[in-house]
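Notes follow once the structure below has been shown.
The values are calculated or read from the model by the stated rules, or taken from the named source; none is laboratory data. Quantities reported herein were computed from a predicted structural model and do not represent experimental measurements. Here the Cβ is made from the backbone with ideal geometry for all residues, glycine too, and neighbour counts use every protein chain on show.
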Amino acid sequence: MYLGLPSTLYALLTTLLWPPQPQNSPITFHLRHIHATTQSNQVLFTDVQSPQAIHALGHDSYNLRIPSTKQLTIPHTSATSFQSARRRSRVYGESIALDWSEDQVEGPDVGDKEVLMTLAKMTANAYFEVGDKDWYDLPGRWNQSFPFGWNPEDDGFRGHIFASEDNSIVIVSVKGTSAPWIAGGGGPTMKKDKLNDNLLFSCCCARVGPTWSPVCDCHVNGYRCEQTCVENALQEESLFYPIGINLYNNVTYMYPDANIWVIGHSLGGSLASLIGLTFGAPVVAFEAPGEAMAAKRLHLPSPPSLQHITHVYHTADPIAMGTCNGVSSWCAIGGYAMESRCHLGEVIRYDTVDVLKWGVAIQTHPIKVVLEQILSLDWQGDGKAVPEAKKAVEVEGEDGLCVDCFSWEFGNFKNSTKKRWRW
């Protein structure tokens, strides 16, 4: 301590020796592109040019501000090593120890309610055309998109792309399942959405019961499933995961120096997580089905830390909680085999059952419910506070272990060895 110094000089020395820490300032984003895929699985982009161009289309808003960000330490390895490890695991069953390093990047402050609400609105708008009654007008001057990806030939993976003013941060939103009884209404993507749901989140090709027509021929008998067959079924280029990988690579080509975030709801949230796991990108996923089983089947190497992936969901949503299963469930009645429950990364879970006294119901799954009836509330006595983020395995598993499809056996059945997915 400096004794006997004038207060002004003491304050100056204190400032020089211990300068104040810089405060995170809001980042302004613009909607730059809208992406979609055609029936031939070609990734398409349409550009959103300028405030003047948007105004000419009859839309006034342009800017979108994210209140604050935080530093994330993200493990990463080379793309070549990552894909080589995937291939050796899938083809030869060999596990390779990768050389993970760490990068500090700006990530969304998931402890800030306004950040979650803004990201949720960005995610929600991927479902709708501009002017739809469910379209959310975002705060500030934000350029609303014009319709893209709703033509009959644009029947697959789609969403929006935002960029900060200096192109240092890009946000990719991924649309979730479009189904009249889940979220987002209908639309041309509904058939492929359902196929991806039934491949990614079912135990064995959507073989829920004897009357079901499976989406791949991997069921053996009873609760036995060919493991290699299921894994190969997820490698098809027409499925959303490889399309998402191509999209991410395209975005990195357009913005080579940008830090990319990926967000989504429902199926879109799970796909965002798988993309974030592949590339080490910050992820915020809302009400997503458990994607850990799909990551295992895709043989995606897991880094030492998954803190860059955050799941936000509530306890009354049976899809995110992994309880919308069985032949009598509403998911099964609609033809969806949503049988997974284990998530990757960290979880922010809102206890709507105990706190709000909600009943578990599929009607609580849509992003509109999350925005207007959950995120808008004060959960911890602070206007910006949200439930604490915890590791998914601590929330969803016992003794750090979460188990999917417990009653099923997976293997090649050349011997009687029983194998289960565990994380």
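Kindly evaluate V355 against the criterion of being at pLDDT below 95, in contact with a helix residue (DSSP H, G or I) (Cβ under 9 Å, 6 or more places away or on another chain), β-branched (V, I, T) and at negative phi.
no
Can you tell me which residues in segment 373-392 are over 12 Å from H314 (Cβ atoms) and at pLDDT below 90?
First, the residues of segment 373-392 that are over 12 Å from H314 (Cβ atoms): 376, 378, 380-385, 388-392.
Residues satisfying the conditions are S376, D378, Q380, G381, D382, G383, K384, A385.
If you scan segment 280-296, which residues turn out to be assigned to a helix (DSSP H, G or I) and buried (at least 20 other Cβ atoms within 10 Å of the Cβ)? Outline the logic, then answer.
Taking segment 280-296 as the starting set, the residues that turn out to be assigned to a helix (DSSP H, G or I) are 292-296.
Passing the criteria: A292, M293, A294, A295.
Taking F240 and the conditions (1) surrounded by fewer than 24 Cβ atoms within 10 Å (Cβ to Cβ); (2) farther than 22 Å from H76 by Cβ, which numbered condition does it fall short on, given that it satisfies the others?
(1)
Would you confirm, using the coordinates I've provided, whether A332 is assigned to a helix (DSSP H, G or I) and either at pLDDT below 90 or closer than 19 Å to K194 by Cβ (or both)? Before the answer, list the steps.
Details: assigned to a helix (DSSP H, G or I): yes; either at pLDDT below 90 or closer than 19 Å to K194 by Cβ (or both): yes.
Considered against the rule, which asks whether it is assigned to a helix (DSSP H, G or I) and either at pLDDT below 90 or closer than 19 Å to K194 by Cβ (or both), A332 comes out as yes.
Output the qualifying pairs, or none if there are none: Cβ atoms under 8 angstrom, residues six or more apart or on different chains, first residue in segment 92-103 and over 19 Å from K296 (Cα atoms), second residue of a type in the set (S, T, N, Q) and not in a loop (DSSP other than H, G, I, E, B).
D99/S81; E102/T73; D103/T73
If I367 satisfies all but one of (1) buried (at least 23 other Cβ atoms within 10 Å of the Cβ); (2) touching a Cys at 6+ places or on another chain (Cβ under 8 Å); (3) modelled with pLDDT under 95, what's the number of the condition it fails?
Answer for I367: the failing condition is (2).
Within 25 Å of D112 (Cβ to Cβ), in contact (Cβ under 8 Å) with a residue 12 or more places away in the chain and touching a Gly at 6+ places or on another chain (Cβ under 9 Å): does that describe G322?
Values: within 25 Å of D112 (Cβ to Cβ): no; in contact (Cβ under 8 Å) with a residue 12 or more places away in the chain: yes; touching a Gly at 6+ places or on another chain (Cβ under 9 Å): yes.
No, not satisfied.
Just name the residue that is surrounded by the most Cβ atoms within 10 Å (Cβ to Cβ) out of those in segment 327-362 that are in contact with an Asp or Glu (Cβ under 7 Å, 6 or more places away or on another chain) and closer than 17 Å to C204 by Cα.
The residue in question is M338.
Being assigned to a loop (DSSP other than H, G, I, E, B) and in contact with a Leu (Cβ under 6 Å, 6 or more places away or on another chain) narrows it down to one of L356, L344, so name that one.
Working: L356 fails: in contact with a Leu (Cβ under 6 Å, 6 or more places away or on another chain).
Just one listed residue meets the conditions, L344.
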